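Visitor: Structure provided below as structure tokens; questions to follow.
The values are calculated or read from the model by the stated rules, or taken from the named source; none is laboratory data. Predicted model only: the values in this text are computed from it and were never measured. Here the Cβ is made from the backbone with ideal geometry for all residues, glycine too, and neighbour counts use every protein chain on show.
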Amino acid sequence: MDELLTPDQMNKADQLTICGGIAGIELMEAAGRSISTILQQKFQLARKVLIVCGCGNNGGDGFVIARLLAKSGLKVELFIAGNKDKISGDAALALKKIESDVTFVKATFAKPYDLIVDALFGAGLDRDIKGDLAEMVEAINESDTPVLAVDLPSGIDGATGAILGRAFRADITVTFFRKKPGHILYPGRGHCGELIVTQIGIRPAVLKHIGTTSRLNRPKLWRDHYPVLKSDGHKFDRGHTLVVSGELPMSGAARMSAGAALRTGSGLVTIAGSKDVLTANAASLSAIMLCEASDEDALLKVLEDQRINCIAMGPGMQPDSATRGKVLAVLSTNRHTVLDAGALSAFNDHQDELFSAINANIKSVVLTPHAGEFSRLFPDQDNVQSKITRTQTAANRSGAIIINKGPDTVIAAPDGRCSITDYAPPWLATAGSGDVLTGIVAGLLAQGMAGFEAANAAVWLHGDAANRMGAPMISSDLDEGIRWAIAGLVDDWVMG
């Protein structure tokens, strides 16, 4: 249920189902029945319903809904956007079944309604909504009338979540078989309201013929890779994470990362930095070790200790040539590496140098840019509409696993695998939150978790920790949240 299908992939699933012996009109009838049932459950007081239909299959779903609601005793008015005589295929069959108790209207707001059903375009739109239709969409959005969208709010690109001209704002969206990227990616996600997935007779077996690479980030994506504590294990079995600190005014960022790595399970964690940074850290840390490494050569000397198997760097570091040198030095030692903040921005005009070093590293490298850092590191992707495509391209080009952060975080691996996380609350957007995520990723990598799975687990735990702490929250609260997130995860697995 976690696979995400683009509109083209969903069309292929429909066609495979039809080729398997289920007629298209049967799928349309099943969709209409499902939505009619949900509508009457969710809007029990609705008596007068307007259904806005297009001339394609989304409109065909609307015709089925209109017929079924009228039979159940609701007053149904139907508006068709376009030439009714040009409706063909399964939609035409559905239209012919409509009986006289459905009223066809030309104006959409002659009277007030209890509910409006958007069956205009759904995911099948490939152009901007303009002119009279755009005005109609805006008028409906500005009204107090609740909206139920069929498949996807019309005006939202099903593959990217982008707004095509104008888009309905739905209170409930009912889609079929699997969610689409446009349901999860912003701004589309903000237009869907409550999202319900219903099954209409398409069998999961079709997925193996579609070749999906994108899915929702859920524990079952990575649970088999999650590090399990051994009864006879010790701290050295769980890896040693080195966090490279910035200078004193920004050294709190490294502390946040180091604490998160330790809380996530790294057996040992050390912060490397200049003398004054170590002095400040010594006053506030207990379980985290400290070592002096103020320049590139000193850092390489520290890394002669082969027990250090993961390095996190960037939080609190300046985006300058000194940071760039340290990053390249670390990557040359073939350790798992997590790069964020200053360790990314230091390569704004030196991307090829960074990518070459990453590709030469035989271990997992994870980059965790926010939108601005991503844009500066991959400037040619600014005009690519799909966040999924942007992130997959970045992963392929850089050789790294990319965590493209945001309210719709996209994670991609160089081999094309991709996920979207829809689990994080808005209060996670607070100073220091990204530093914590860097530490979680590093802590999991240090314990031997595979890179793509570690990135997904880290982002999920990060969001779950924030959900458990609730609002208002600051980033230091996440330490306690991580503890309960991991405990809850283990409890869920033990319970089955």
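Visitor: Looking at Ala446, is it within 17 Å of Thr241 (Cβ to Cβ), over 20 Å from the mean Cα position of the chain (by Cα) and assigned by TED's automatic domain parsing to the domain that holds Gly406?
Guide: It is true that Ala446 is within 17 Å of Thr241 (Cβ to Cβ), over 20 Å from the mean Cα position of the chain (by Cα) and assigned by TED's automatic domain parsing to the domain that holds Gly406.
Visitor: Select from region 280-324 the residues that are over 23 Å from Gly434 (Cα atoms) and among the basic types (Lys, Arg) and list them in ascending order.
Guide: Once the filter is applied, which keeps residues that are over 23 Å from Gly434 (Cα atoms) and among the basic types (Lys, Arg), region 280-324 yields Lys301, Arg307.
Visitor: Residues that are out of contact with any strand residue (DSSP E or B) (no Cβ under 9 Å at 6 or more places or on another chain), more than 30 Å from Ile25 (Cα to Cα) and not assigned by TED's automatic domain parsing to the domain that holds Ala162: does region 236-249 have at least one?
Guide: yes
Visitor: Going by the conditions given, is Gly62 under 30 Å from Asp422 (Cβ atoms), crowded, with 17+ Cβ neighbours inside 10 Å and within 35 Å of the chain's Cα centre (by Cα)?
Guide: In short, yes.
Visitor: Hey, another quick one. Consider only pairs whose beta carbons are under 7 Å apart and that are at least six residues apart or on different chains; among these, list those whose first residue lies in region 91-120 and is closer than 22 Å to Gln41 by Cα and assigned by TED's automatic domain parsing to the domain that holds Thr175 and whose second residue is of a type in the set (Lys, Arg) and not in a strand (DSSP E or B).
Guide: Hits for this filter: Val102/Arg67; Asp114/Arg47.
Visitor: Taking the stated definitions as given, is Ser475 under 22 Å from Tyr186 (Cα atoms), over 16 Å from the mean Cα position of the chain (by Cα) and of a type in the set (Ser, Thr, Tyr)?
Guide: Considered against the rule, which asks whether it is under 22 Å from Tyr186 (Cα atoms), over 16 Å from the mean Cα position of the chain (by Cα) and of a type in the set (Ser, Thr, Tyr), Ser475 comes out as no.
Visitor: Taking strands (runs of 3 or more DSSP E) that do not extend beyond region 389-496, which have at least 2 residues that are in contact with a Pro (Cβ under 9 Å, 6 or more places away or on another chain)?
Guide: Once the strands (runs of 3 or more DSSP E) in region 389-496 are filtered for at least 2 residues that are in contact with a Pro (Cβ under 9 Å, 6 or more places away or on another chain), what remains is 401-404.
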